[in-house]
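Participant: Please see the structure below; I have some questions.
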Amino acid sequence: YQGKFIFQMNVNEDTFDLLVPKFVLQPLVENSVIHGLNSRNKTITIKLTSVISGEELVISICDDGPGFEPDKLNRYLDGDSEVFAEEKIGIKNVHRRIKMKFGDEYGLRYYKTDGEFIAQTRMPVKREA
């Protein structure tokens, strides 16, 4: 994928020592690369950001690729298995692992704004021991 995407990170220093389960971010960045490049011949920009919002760690993976319908992805994550013909193992795994580790109020959600497709995780602020 050399030359096909630009990767930018805006990671708040306050989040450096917070607990994030393994393999939460990799599938989301990989989805941006794979699905963002599938339908385009031009370079895409992928941005990873992390911030503390209240008592939550919010990590977002944004890209300027075509994205998908966030409502369908969110319904799928909420248990509507009929949204897609085939299972989306990576995102379901990320969502379940966050919920199992931290509780049902946390997890993965999708959003779309003008020009950006966003995968966003929410977890409690927990420092690594």
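The values are calculated or read from the model by the stated rules, or taken from the named source; none is laboratory data. None of these values were measured; they are calculated from a predicted model. Every residue, glycine as well, gets a Cβ built from its backbone with ideal geometry; the counts of neighbours run over all protein chains shown. Each accessible area value is taken on the protein alone, full model and side chains, heavy atoms only, with ligands, DNA and RNA left out. Shrake-Rupley method; radii C 1.70, N 1.55, O 1.52, S 1.80 Å.
Participant: Through the Karplus equation 6.51 cos²θ - 1.76 cosθ + 1.60, θ set to phi - 60°, convert the phi angles of the stretch 81-90 into ³J(HN,Hα) values in whole Hz; use x for Gly and Pro.
Facilitator: 6, 8, 5, 10, 5, 10, 5, 9, 4, x
Participant: Another question about this same structure. What's the longest bit of the chain with no exposed GluC sites (Glu not before Pro), using DSSP loop states and at most 13 other Cβ atoms within 10 Å as the test?
Facilitator: 1-54
Participant: Which of these, LEU19, LEU57, LEU77, has the largest mean-square fluctuation under a Gaussian network model of the chain (Cα springs below 10 Å)?
Facilitator: Among LEU19, LEU57, LEU77, the largest GNM mean-square fluctuation belongs to LEU19.
Participant: Right, here's the next one. Among the trypsin sites (Lys or Arg not before Pro) within the stretch 1-65, which fall in a DSSP loop and have no more than 15 other Cβ atoms within 10 Å of their own Cβ? Intermediate values should be presented prior to the final figure.
Facilitator: On the way: sites: LYS4, LYS22, ARG40, LYS42, LYS47; in loops: LYS4, LYS22, ARG40, LYS42.
In loop regions of the stretch 1-65 (DSSP not H, G, I, E or B), the sparsely surrounded trypsin sites (Lys or Arg not before Pro) are LYS4, LYS22, ARG40, LYS42.
Participant: Long-range amide H contacts for LYS126: which residues qualify at under 5 Å (H placed 1.01 Å from N, peptide plane, sequence gap of 5 or more or a different chain)?
Facilitator: LEU19
Participant: Right, another one. Please state the shape class of the stretch 56-104: rounded when a/c is under 1.5, otherwise prolate if a/b exceeds b/c and oblate if not, all from the C-alpha gyration tensor. Present the calculation step by step, with values, prior to reporting the outcome.
Facilitator: Numbers: a/c = 2.08, a/b = 1.13, b/c = 1.85.
Since a/c reaches 1.5 but b/c is at least a/b, the shape of the stretch 56-104 is classed as oblate.
Participant: Convert each backbone phi in the stretch 6-15 into a coupling constant with the Karplus relation 6.51 cos²θ - 1.76 cosθ + 1.60 (shift: θ = phi - 60°), then list the ³J(HN,Hα) values in order as whole Hz, x for Gly and Pro.
Facilitator: Residue by residue, the stretch 6-15 yields 10, 10, 10, 10, 10, 9, 5, 4, 5, 9 Hz.
Participant: Still on this structure: What is the ratio of the Cα radius of gyration of the chain to 2.2 N^0.38 Å, with N the residue count, to two decimals? List each step's numbers first, then the result.
Facilitator: Values: Rg = 14.7 Å, N = 129, 2.2 N^0.38 = 13.9 Å.
In units of the 2.2 N^0.38 Å rule of thumb, it is 1.05.
Participant: Here's something else I'd like to know. Cα to Cα, under 24 Å, and not fewer than 8 places away if on the same chain: which lysines meet these conditions relative to LYS42?
Facilitator: The reachable lysines, counting only those whose Cα sits under 24 Å from LYS42, are LYS4, LYS112.
Participant: Ok, one more. How do TYR111, TYR106, TYR76 stack up against each other in accessible area, from largest to smallest, with a 1.4 angstrom probe? Mind showing how you got there, number by number?
Facilitator: Numbers: TYR111 95, TYR106 35, TYR76 5 Å².
Largest accessible area first, the list is TYR111, TYR106, TYR76.
Participant: Using only the Cα atoms of the stretch 6-73, what are the Rg and Dmax in Å?
Facilitator: Expressed in Å, the Cα Rg and Dmax of the stretch 6-73 come to 13.3, 40.
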